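Okay, so here's the structure we're looking at.
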Amino acid sequence: MSWLFLFVAGLLEAGWAVGLKLTAGFTKPVPSVLTIAAIVASMYLLAVAARTLPIGTAYAVWVGIGTFGAIVLGVIFLDEPISAGRIFFLVLLLVSIIGLKMTA
C-alpha cells in the first residue's frame with residue numbers, strides 16, 4: 001500500500017509543479033488553491049509512504065515521478081519543447097525509478 005501512496009504522491013507532485021506555472025505567481029485564485037491542495041496532499045502521502053519505505057528511496061521515487069510527470073504534462077499542455085535528448089533522459093529517469101522500486 002505504501003507504494004501506491006507514493007505513486008499517487010508523485011502524480012500530485014507533477015500536478016502541483018505544473019500548477020505553479022498556472023497560478024501566475026499565486027495571483028489566480030482557483031489554480032492557486034488547487035496547487036496548494038496538491039502540495040499538501042502530495043506531502044502527506046509521501047509522509048505516509050515513508051512510514052514503511054526507506055526515506056531515501058521514497059523521496060527519490062517521489063521526485064522522479066514528479067519530474068517525469070511535470071515534463072510530460074509540460075510538453076502536452078504547455079507546449080514545452082521535446083527533443084531526443086529529453087526523451088533519452090526521461091527514459092533513464094524511468095529506469096531509475098523502476099530500479100529503486102525493484103531493489104527496495
* Structure fact -> Counting only protein heavy atoms with a 1.4 Å probe and every protein chain in place, the carbon and sulfur fraction of the accessible surface of the chain in whole percent equals 78 percent
* Structure fact -> Mean separation of Cα contacts under 8 Å (at least 6 apart) over the residue count of region 21-104, i.e. the relative contact order in percent, is 26 percent
* Given H placed 1.01 Å from N in the peptide plane, which residues other than close sequence neighbours of Glu80 have an amide H under 5 Å from its amide H? -> Val75
* Share of alpha-carbon pairs per 10 Å distance bin for region 1-55, given as whole % -> 29, 43, 21, 7
* To do: Enter the accessible area per residue of the chain (Å², integer; probe 1.4 Å; all protein chains in place).
  => 61 Å²
* Suppose every K and R has +1 on its Cβ and every D and E has -1 on its Cβ; what is the size of the dipole of the chain about the Cα centre, in Debye to the nearest 20? -> 120 debye
* Structure fact -> A correct Stokes-Einstein calculation for region 46-98, using the alpha-carbon Kirkwood radius, 37 °C and 0.692 mPa s, returns a whole-number D in µm² s⁻¹ of 272 µm²/s
* Structure fact -> Cα extents of the chain per principal axis, largest first, Å, are 41, 35, 17
* To do: Give a quick list of chymotrypsin sites (Phe, Trp or Tyr not before Pro) in the chain that DSSP marks as loop, anything other than H, G, I, E or B, with at most 14 other Cβ atoms within 10 Å.
  => Phe26
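The values are calculated or read from the model by the stated rules, or taken from the named source; none is laboratory data. Everything numeric in this text was worked out from a predicted model, so none of it was measured. Neighbour counts are summed over all protein chains in view; Cβ atoms, including those assigned to glycine, are modelled from backbone coordinates with ideal geometry. Calculation scope for accessible area: heavy atoms of the full protein, side chains included, ligands and nucleic acids excluded. Shrake-Rupley method; radii C 1.70, N 1.55, O 1.52, S 1.80 Å.
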